[in-house]
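Structure first, commentary second.
The values are calculated or read from the model by the stated rules, or taken from the named source; none is laboratory data. Not measured: the values here are computed from a predicted model. Note that we place each Cβ from the backbone using ideal geometry, even for glycine, and neighbour counts take in every protein chain shown. For the accessible areas, the whole protein counts, side chains as well, though only heavy atoms, and no ligand, DNA or RNA atoms are used. Shrake-Rupley method; radii C 1.70, N 1.55, O 1.52, S 1.80 Å.
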Amino acid sequence: MQKLTPSQRSIKTKPSPIRGLVNLANAQKKKGVKINHFNIGQPDLPTHDDFYKAVKDFKEKNVAYAPTQGRMEAQLGWQKYFKSIGINYKVEEMIVTSGGVEALFLAHAALLDPGEELLVFEPFYPYYANQADILNTKIVPISLSIKNGFHLPPVSEMQKKVTKRTKAILFCNPSNPTGVVFTPQEVKAVAQFAKKNKLWVIADEVYREYAFSRPALSMAKIPAIKNQVILCDTASKRFNLCGARVGVLACHNKEFYKNVFKLAMARESVATIEQIAVAALLNNAKKYYGPSIKIYAKRRDAVYAGLKKIPGAVVHKPEGAFYIIIGLPITNSQHFAEWLLTDFRQNNTTICVSPAAGFYQTKGRGHDEIRLSYVVDIKVINESMDLLKKALEVYKKKFPKFCK
Ligand SMILES: Cc1ncc(COP(=O)(O)O)c(C=O)c1O
């Protein structure tokens, strides 16, 4: 008789490295310890009143299903926002999704069959790998290195990873988890590589505006690959709206759209009221995201200044998003992150960081790196960078076998 077991797929899936330490952190909080969170990419800035006003103004007598492709208000909102940054999509080229992850999942599912390969630069946002596990596709990592600040390797290195099964390349710019904003030359090189190898491009551009050193060139602005780009976006980060769960998938390719639409039908649609309320912000997007850019840029400077004072740390100035991966003179960042939570205190405070190994697919990588997400105010950043410096001094004495 068949056993009552969950699927191998679910058993094989790794828990998120981002949330992995949360239980440990919560246990310490219950004991009264103050934890400064640098592990989760949840903006701390307030959601604008205009969003809540739009929710209150919803007066339809029934909260009906939205159409598969989204409420017209939200589609038009996305169209207007894209137009304001020089990207043109027709309404019938967009599907409103449940956040950026659903856009990514739908793109992945509509492009790759089981066993087919998706190229991704590592370190990467871990849910790409979870989606591959669910879909039985294969992520083929192209490794980036902290030595050159996680910028791209020569195209010849990328070419080595292409096989008969390679179907697409996923490109996240600005990058979570590294904070890199790829140069226009790098973006164009990836586009050319995709064109030459006939690969789809899944463009994850959810941090588009958070680009401090240079603008992030969108894949959607490269005419040569117009018909093979699937743009994935979300209101989450730009409008401090992670819980609204409103994103978008956009593409010019009619055949792809026709087929992804059928997959989207199987999940009905996105929440009606949230879509309408997000549309209110999309219609005047810059008003809402403009102030946040300045705030994150200042925080970036504070994080960088603090990290530069840590002996042995490998730090490149983050260029965008609100993340940074740093190298530390340690060999087991999981152990270090746990120890910070369970043992280290400064004024009854500690910090929660993400060990970086969870952002790599290649075994053995990331154990001497951590990712920090700077969605806390400057005072907390300054306190925490100082705390991290002191913590490393203590850790080195206590655990020389885990130090370089
Ligand atoms: C690179 C990247 N892509 C996509 C997403 C998902 O966005 P959402 O929360 O809107 O699903 C995130 C969220 O952290 C992200 O960092």
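Here are the numbers for the structure shown:
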{"item": "Label-point separation, Leu24 to Leu263 (7 Å along Cα→Cβ), nm", "result": "3.5 nm"}
{"item": "Accessible-area order (highest first, 1.4 angstrom probe) of the listed residues Arg345, Arg300", "result": "Arg345, Arg300"}
{"item": "Alpha-carbon centroids, segment 9-66 and segment 182-231: separation in whole Å", "result": "29 Å"}
{"item": "Most mobile of Asn39, Asn382, Asn26 in a GNM of the chain (Cα contacts under 10 Å)", "result": "Asn26"}
{"item": "Most positive-pole-ward Cα, Pro46, Ala66, Leu21, against dipole of segment 14-81 from beta carbon charges", "result": "Leu21"}
{"item": "Local electrostatic count at Ile330 - Lys and Arg +1, Asp and Glu -1, tallied over other residues with Cβ under 15 Å", "result": "+4"}
{"item": "Nearest 10 degrees, 0 to 90: helix 184-197 Cα axis against the chain principal axis", "result": "60 degrees"}
{"item": "Placed amide H near Thr234: partners under 5 Å, 5+ positions off or other chain", "result": "Val248"}
{"item": "Rounded if a/c under 1.5, otherwise prolate or oblate - segment 6-120, Cα gyration tensor axes", "result": "oblate"}
{"item": "FRET efficiency, 1/(1 + (r/R0)^6) with R0 25 Å, evaluated for Lys164 and Glu255 via beta carbons", "result": "0.70"}
{"item": "Principal-axis tilt of helix 72-84 within the chain, Cα atoms, nearest 10 degrees", "result": "70 degrees"}
{"item": "For peptides 55-67, 219-231, sequence by mean Cβ density within 10 Å, most packed first", "result": "219-231, 55-67"}
{"item": "Hz values of 3J(HN,Hα) by residue in segment 388-404 - Karplus curve (6.51, -1.76, 1.60), Gly and Pro given as x", "result": "4, 4, 5, 4, 5, 4, 5, 4, 4, 6, 7, 10, x, 5, 9, 10, 8"}
{"item": "Lys, Arg +1 and Asp, Glu -1 on Cβ, resulting dipole of the chain about Cα centre, debye, nearest 20", "result": "700 debye"}
{"item": "Added length on full extension, which subtracts the Cα-Cα distance from 0.36 nm per residue, His335 to Asp113", "result": "76.2 nm"}
{"item": "Amide H contacts of Leu144 (H built 1.01 Å from N, under 5 Å, at least 5 apart or other chain)", "result": "Glu122"}
{"item": "Largest-first principal axis extents of the Cα set of segment 146-249 (Å)", "result": "39, 32, 23"}
{"item": "Spin-label zone in segment 369-387 - amide nitrogen under 16 Å from a point set 7 Å from the Cα of Asn347 along the C-beta vector", "result": "377-387"}
{"item": "With Cα atoms, 0 to 90° folded angle of helix 333-342 axis to the chain main axis", "result": "70 degrees"}
{"item": "Residues whose placed amide H lies under 5 Å from that of Ser354, excluding near-sequence neighbours", "result": "Arg371"}
